[in-house]
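Working notes, structure below.
The values are calculated or read from the model by the stated rules, or taken from the named source; none is laboratory data. These numbers come from a predicted model, not from an experiment. Glycine gets a Cβ as well: all are built from the backbone with ideal geometry, and neighbour counts include every protein chain shown.
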Amino acid sequence: MANAELPPAIRAFIDTTNRGDTEGFVASFTDDAYLNDWGREFRGHDGVRSWNRTDNIGKQSRFSDVSVVNGTEPDSYDVTLTVTGNGHNGSGTLKFQLRDGLIQSLVIPES
């Protein structure tokens, strides 16, 4: 896997989290998005909004130390982040699949 530039949708995912911008965060996902966080599944904008409230902006999460490599599929990226806040803290690799410039799928594997 080669190093890649951070696509705008993933940059928005990071920046809106760090700003606490829920509407911008949800808008970085497709209407039919799929989010899997350690086996917990969320679907669509309502699911993304729910996860964001309980696990992301709702926990005052902040992302840093970004590295990105191309994933195994077209428009897929493996992004390593360090997370701090009032929820999960630590580093991990998030797996993004994009479609039409938005996040169609996000998988956060168990560390």
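Is it true that ASP31 is within 24 Å of ALA4 (Cβ to Cβ), of a type in the set (D, E, K, R), surrounded by fewer than 20 Cβ atoms within 10 Å (Cβ to Cβ) and over 11 Å from the mean Cα position of the chain (by Cα)?
Answer is no for this residue.
Select, from ASN18, ASN52, ASN36, ASN86, the only residue that is polar (S, T, N, Q) and in a strand (DSSP E or B).
ASN36
Going by what's in this entry, would SER67 be described as among the polar types (S, T, N, Q), under 18 Å from ALA12 (Cβ atoms) and assigned to a strand (DSSP E or B)?
Spelling it out, SER67 is indeed among the polar types (S, T, N, Q), under 18 Å from ALA12 (Cβ atoms) and assigned to a strand (DSSP E or B).
Here is a check on your reading of the model: is THR80 surrounded by fewer than 16 Cβ atoms within 10 Å (Cβ to Cβ) and outside any loop (DSSP other than H, G, I, E, B)?
yes
If a residue must be farther than 16 Å from ASP15 by Cβ and not in a loop (DSSP other than H, G, I, E, B), how many such residues does the range 101-111 contain?
So the count comes out to 4.
Does GLY58 qualify as being more than 15 Å from PHE13 (Cα to Cα) and either at pLDDT 95 or above or not basic (Lys, Arg) (or both)?
No: the conditions fail for GLY58.
On the given criteria, is ASP46 out of contact with any Asp or Glu (no Cβ under 7 Å at 6 or more places or on another chain), among the acidic types (Asp, Glu) and not in a strand (DSSP E or B)?
The answer is yes for ASP46.
Considering each of VAL26, VAL48, VAL69 in turn, give the residue that is of a type in the set (Val, Ile, Thr), more than 12 Å from the chain's Cα centre (by Cα) and either surrounded by 14 or more Cβ atoms within 10 Å (Cβ to Cβ) or closer than 23 Å to SER111 by Cα (or both).
VAL69
May I ask you to list pairs of residues, at least six apart or on different chains, whose Cβ atoms are under 6 Å apart, with the first in the range 75-100 being farther than 15 Å from PHE13 by Cα and the second being small (Gly, Ala, Ser) and outside any strand (DSSP E or B)?
Close Cβ pairs (under 6 Å, with a partner that is small (Gly, Ala, Ser) and outside any strand (DSSP E or B)) amount to GLY85/SER61; GLY92/SER111.
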